[in-house]
């Protein structure tokens, strides 16, 4: 579908540093996730965009898109995104299963790779519990795979929060009807 090339087909023409502070917009997310889905590549939306999908509307600005991808789909995902101008950012904290892709417009995709064996045991990558990859939601009019609200709440309350995490935790607590831990109030 040619519509996916709109924002995604631009070559790496500018320095990424020239574009610092670029926000990942809803249109960017739906084009990326929708385009990957149309290409037969399954990704799960994680992080702040997952919270927004679960809540049903955009709750805050986002600097990136967090996605989880099965190791068996990683090469196809990288190929699809590379064709649209994304490349791995070189950073000392990057791992083979957790890295950031950026394009010339400084849009960032934080990639989390995982792999389970036939028994559902993690054999590679980010330690997602198998049950945490079962969510479904809608984002910008498209159906997405995501982290279920209960798991997203656990993930977001499992580390020292940044201000954006506090907003996400409040939104998830309201959705779930649960208390916010004192560390995240």
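Read-outs: derived from the displayed coordinates by stated rules, not from any lab. Note that the coordinates shown come from a computational prediction; the quantities given were computed from them, not determined experimentally. Positions of Cβ are generated from backbone atoms using ideal geometry, with glycine treated the same way; all protein chains shown enter the neighbour counts.
Using label points projected 7 Å from each Cα along Cα→Cβ, tell me how many nm separate residue 60 and residue 170, to one decimal.
0.9 nm
Quick one: check the C-alpha center-to-center distance for segment 128-180 versus segment 20-69, whole angstrom.
13 Å
So what is log10(I(q)/I(0)) for segment 74-163 at q = 0.13, 0.22, 0.24, 0.25 1/Å, when the Debye sum runs over its Cα atoms only?
Listed by q, the Debye log ratios stand at -0.58, -1.36, -1.34, -1.32.
How long is the gain from residue 134 to residue 160 if the chain were fully straight, where each residue apart is worth 0.36 nm and the alpha carbon distance is subtracted?
Numbers: separation 26, 0.36 × 26 = 9.36 nm, distance 2.54 nm.
So the chain would gain 6.8 nm between residue 134 and residue 160.
If one computes P(r) from the Cα atoms of the chain, what percent of pairs lie at distances over 19 Å? Can you show the working numbers first?
Working: 10019 of 17020 pairs.
The calculated P(r) of the chain puts 59 percent of pairs beyond 19 Å.
Comparing 147, 126, 32, which has the greatest mean-square fluctuation in the GNM of the chain with Cα pairs linked when under 10 Å apart?
Per the Cα network of the chain with a 10 Å cutoff, 126 tops the list.
Using only Cα atoms, find the angle between the long axis of helix 26-38 and the longest principal axis of the chain, and express it within 0 to 90 degrees, rounded to the nearest 10.
80 degrees
For segment 39-127, what does the alpha-carbon gyration tensor say about shape, rounded, prolate or oblate, given a ≥ b ≥ c as the root eigenvalues, a/c under 1.5 as rounded, and a/b over b/c as prolate? Working shown, then result.
Details: a/c = 1.63, a/b = 1.15, b/c = 1.41.
The shape class here is oblate.
With labels modelled as points extended 7 Å from the Cα through the Cβ direction, what inter-label distance (nm, one decimal) is found for residue 126 paired with residue 39?
That separation, rounded to one decimal, is 1.8 nm.
Once you put a point 7 Å from the Cα of residue 180 and another 7 Å from the Cα of residue 89, both along the Cβ direction, what distance in nm separates them?
2.7 nm
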